[in-house]
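Below: the structure, in structure tokens.
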Amino acid sequence: MDDFNPRLFIEEKIEWLRKEIGSEDAIVALSGGVDSSVTAVLGFKAIGSRLKSVFLDDGFMRIGEADRVRSIFEKLGMKVHVYDVEHEFLEALRGVRDAEEKRREFRETFYRIFSRIAREFGVRIVLQGTIAADIVETKSGIKTQHNVLEQIGIDPLKSYGFKILEPIKELYKSQVRLIAKELGLPDEIVKRRPFPGPGLSIRILGEVTKEKLSLIKKATAIVDDELSDIECFQAFPVLLEGMATGLDSTGGRKYGYILALRIVESMDALTAKYMKIDWSKLEKVRDRLLTEIPSVARILYDITDKPPATIEFE
């Protein structure tokens with residue numbers, strides 16, 4: 001880490017991308033996180049407008065994410081093509097409860113849609129922001145990361161009709177942030193907390209429904225708002241399976257959802273420590289969640305490190 005040279009890395013990767021892409025056009029899978037954003041900017045510097053930035057609005061992102069990503073990258077001179085594909089993803093995950101099956105279904109749907117988009121653009125090269133932690137966790141069997149294919153024996157050209165280029169696959173998150181800063185990306189990208197590839201689908205334990213998705217989106221917005229000033233690797237709510245008995249505003253019985261809060265510190269996502277944050281902060285988050293989402297009956301705080309837990313619940 002100490003001898004990592006972001007500027008040299010950028011120069012080498014831009015040259016590598018130019019060589020790999022040649023005179024062709026290409027697509028980059030852009031989610032707005034630091035990994036995909038760095039990949040998009042490297043690709044844009046390599047081949048300019050021949051790179052098409054594609055954002056899949058799968059319904060599992062934060063509220064307003066598509067507009068936010070489009071705005072940021074338009075300021076950088078990059079057009080973002082947004083595809084509303086929420087229905088396809090919800091259909092793919094209908095009735096799916098197992099975490100690994102969720103990830104596999106998400107992966108298949110993701111690449112099937114990208115295959116269709118690649119044909120529309122007439123391209124056969126897709127760039128994506130896979131990083132080292134994604135590959136390590138998938139190959140070790142901890143959990144399937146949706147963006148890991150060739151490393152586990154899936155040939156994207158044969159399966160989906162395009163070649164994948166992964167310019168930052170040897171880097172860890174802290175190194176990617178250094179690259180992002182060197183590239184001049186705004187702090188809202190450089191310092192943004194990681195967001196899982198399958199999005200909020202894996203922050204809903206058990207089956208994903210429209211009602212649960214709406215709830216976790218609201219909860220995520222509240223947590224992001226209240227904990228924006230906390231320096232941490234991750235801070236997010238998870239909607240647990242099952243319900244809990246609680247009291248409504250009149251003192252009557254209600255049966256509501258259970259949310260768990262997860263706040264951790266980490267450098268590389270391979271290990272993590274839960275954060276001992278000020279109780280008043282947690283109380284503020286708790287109060288807003290219970291007040292603004294009446295269907296929630298209970299809030300828990302996860303104090304498990306990684307290992308033995310993973311950062312995400314699924």
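General observations
- Along each principal axis, Cα extent of region 121-176, largest first, Å: 34, 24, 13
- Within the chain, helix-based [θ] at 222 nm, where runs of 4 or more DSSP H residues each add -39,500 (n - 2.57), nearest 500: -13000 deg cm²/dmol
- Counting only alpha carbon atoms, the long axis of helix 34-47 and the longest principal axis of the chain meet at about 20°.
- Computed 3J(HN,Hα) for region 99-108, one whole-Hz value per residue from the Karplus formula 6.51 cos²θ - 1.76 cosθ + 1.60 where θ = phi - 60°, is 4, 5, 5, 4, 5, 5, 5, 4, 4, 4, glycine and proline marked x.
- Using alpha-carbon coordinates, inclination of helix 173-182 to the longest axis of the chain, degrees: 60
- Multiplying the residue separation of Arg112 and Lys191 by 0.36 nm and subtracting their alpha-carbon distance yields 25.4 nm.
- Nearest 10 degrees, 0 to 90: helix 6-21 Cα axis against the chain principal axis: 60
- Inter-label distance for Glu150 and Lys75, nm, one decimal - labels placed 7 Å from Cα along Cα-to-Cβ: 3.4
- Accessible solvent surface per residue of the chain, calculated while the other protein chains remain in place, 1.4 angstrom probe, Å²: 46
- Taking amide hydrogens as placed 1.01 Å from N in the peptide plane, the amide H of Gln234 sits under 5 Å from those of Val264, each at least 5 positions away in sequence or on another chain.
- Region 172-314: Cα Rg divided by the 2.2 N^0.38 Å rule of thumb: 1.11
- One decimal place: the segment Ile230-Phe121 gains 35.1 nm when fully extended, by the rule 0.36 nm per residue minus the C-alpha distance.
- Under 19 Å from a label point set 7 Å out along the Cα-to-Cβ vector of Lys284, the amide N atoms of region 220-259 belong to 220-237.
- Listed by chain and number, the lysines placed with their C-alpha closer than 22 angstrom to that of Lys173 are Lys13, Lys45, Lys139, Lys143, Lys181, Lys191, Lys273, Lys306; residues fewer than eight positions away on the same chain are left out.
- Shape of region 166-233, Cα gyration tensor, a/c cut at 1.5: oblate
- Here region 229-285 has 53 percent of its accessible surface on carbon and sulfur atoms, given a 1.4 Å probe and all protein chains in place.
- Treating r as the C-beta distance of Ser49 and Lys210 and R0 as 45 Å, the FRET efficiency rounds to 0.75.
- Residues within the reach of a label modelled at Asp302 (point 7 angstrom out along Cα to beta-carbon, backbone nitrogen below 15 Å), restricted to region 245-270, are 258-266, 269-270.
- Computing FRET efficiency as 1/(1 + (r/R0)^6) for Thr310 and Glu24, where r is the C-beta to C-beta distance and R0 is 51 Å, gives about 0.85.
- Highest GNM mean-square fluctuation among Lys181, Lys45, Lys210, for the chain modelled with Cα contacts below 10 Å: Lys210.
- Coupling constants for region 84-97 follow from the phi torsions by the Karplus curve (6.51 cos²θ - 1.76 cosθ + 1.60, θ = phi - 60°), and in residue order they are 7, 10, 4, 4, 5, 6, 4, 5, 5, 9, 4, x, 7, 10 Hz; glycine and proline get x.
- Mean shadow area of region 41-102, taken as a quarter of the surface of its Cα convex hull (nm²): 5.5
- Within-12-Å neighbourhood charge of Asp229 [Cβ basis; K, R +1; D, E -1]: -2
- Along principal axes, Cα extents of the chain, largest first, whole Å: 68, 43, 38
The values are calculated or read from the model by the stated rules, or taken from the named source; none is laboratory data. This is a predicted model, so every value here is computed, not measured. Positions of Cβ are generated from backbone atoms using ideal geometry, with glycine treated the same way; all protein chains shown enter the neighbour counts. The accessibility values were calculated without ligands, DNA or RNA, using every heavy atom of the protein model including side chains. Shrake-Rupley method; radii C 1.70, N 1.55, O 1.52, S 1.80 Å.
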